Amino acid sequence: MNNAENRIYTGQPEYDRHFWDAARGRIRQEDKLLAGRILSLGSYSVPDAANTKFSELLTRESLFRQLSTTLTAYDTSYQIFAKYTDDLAEFVPEGGDIPIYEGISDFETLAVGRHKLAAFTKLSEEFVHDAAFDVENYLLSRFARVFGRAETDAFLNGTGEDMPTGILCSGKGAETAVTTDSITYDDVITLYFSVKPEYRSRGIWLMNDTTALHIKTLKDDNGNYLWRESDDTILGRKVVISEFMPDMAAGALPVVFGDFNYYWVITRSPLSIRVLTEKFAAVGQVGYLGFEFLDGKLVRREAVKAIQMSAAETE
């Protein structure tokens, strides 16, 4: 059965009912859940309606799902085509030849991985068996929160090995525009203008609290602050804070600026959950393992650039 057929069955009310019965530890009817079973994990895809709700909750929790381009690709193998060159448009005189532009070489093919992200939570059997307790909303919200934080960290700091390729990944993430011992007013201005206007017009600043506090103190020669407090912008572009951005330590990239639409988040499967009823039965609890498969890549490196702190001097 292929993925398209799976989605038909997991969208049926019968599948929805049996899935949440199983989540409450009730006797499951395996044949009613086979369409959503993931043999390698021992888990089951959540019903379609629940997965839609989970996706909405995850977007609120995952910073990059708010800033970046998000795609869904449930197929076993998948590639994305990233366009790297500028489009060509020319004025042509009446009767003149229209230039033919060969665009085949504009695209680079990038392979997309299926990186597994897992999370675990437990509930008391008293809650699970209480009909008044909304186990569906609880689990979806809980997994959205923990997955959202893990995603944000990976989309920033991921190495590309068994995880997404993060914005800060050396050689594959943001290009370095400035290298400095201590971030100055001029460094921030240089970073801003290092980004091409086509990306700068939709640019966003990204940093952590410590770096933000430092940049808030920067002034020009006339005593004007670089950071505008009224709307938290620098040079008219919004500042976004993430705890997963590094501090201003040697070799780190504490500030990035650019168009994050060129970072692509690819969801490779719906959320799936494995219910562990026997493992924790002795302590009156039910365990839940949640899984998602995803990838993330910066498809145009010049769209996002960074300030890099100088490496520590070696003795």
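Taken together, the values in this text are just the output of simple stated rules run on the coordinates, not laboratory data. As the structure is a prediction and not an experimental result, all values here were calculated from the model. A quick note on method: Cβ atoms are made from the backbone with ideal geometry, for glycine too, and the neighbour counts reach across all protein chains shown.
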Extension gain, Thr159 back to Lys238 (0.36 nm per residue minus Cα-Cα distance, nm) | 25.8 nm
What trypsin sites (Lys or Arg not before Pro) in the range 166-211 are in a loop by DSSP, with at most 15 other Cβ atoms within 10 Å of the Cβ?
-> Lys172, Arg202
Which far-off residues, 5 or more places away or on another chain, put their amide H under 5 Å from the one on Gln285, with H placed in the peptide plane?
-> Glu125
The range 285-299 - phi-based ³J(HN,Hα) in whole Hz, Karplus 6.51/-1.76/1.60, Gly and Pro as x = 10, 10, x, 9, 9, x, 9, 9, 10, 7, 8, x, 8, 8, 7
Between Asn222 and Glu278, what is the FRET efficiency for a Förster distance of 51 Å, r being their Cβ-Cβ separation, to the nearest 0.05?
-> 0.10
At a Förster radius of 30 Å, what calculated FRET efficiency corresponds to the Cβ-Cβ distance of Thr121 and Leu34, to the nearest 0.05?
-> 0.75
Surrounding net charge for His115, when Lys and Arg each add one and Asp and Glu each subtract one, Cβ distance under 15 Å = -1
Cβ-defined net charge surrounding Gln66, 13 Å radius [Lys, Arg +1; Asp, Glu -1] = 0
Relative to the Cα centre, what is the charge dipole magnitude of the chain, using +1 at the beta carbon of each Lys and Arg, -1 at the beta carbon of each Asp and Glu, and rounding to the nearest 20 debye?
-> 1060 debye
For Ala250 and Arg26, extending 7 Å from Cα along the Cα-Cβ vector and measuring point to point gives, in nm, a value of 6.2 nm
Quick one: of Lys32/Lys53; Lys116/Lys172; Lys53/Lys196; Lys196/Lys216; Lys116/Lys196, which pairs are farther than 26 Å apart, Cα to Cα?
-> Lys53/Lys196; Lys116/Lys196
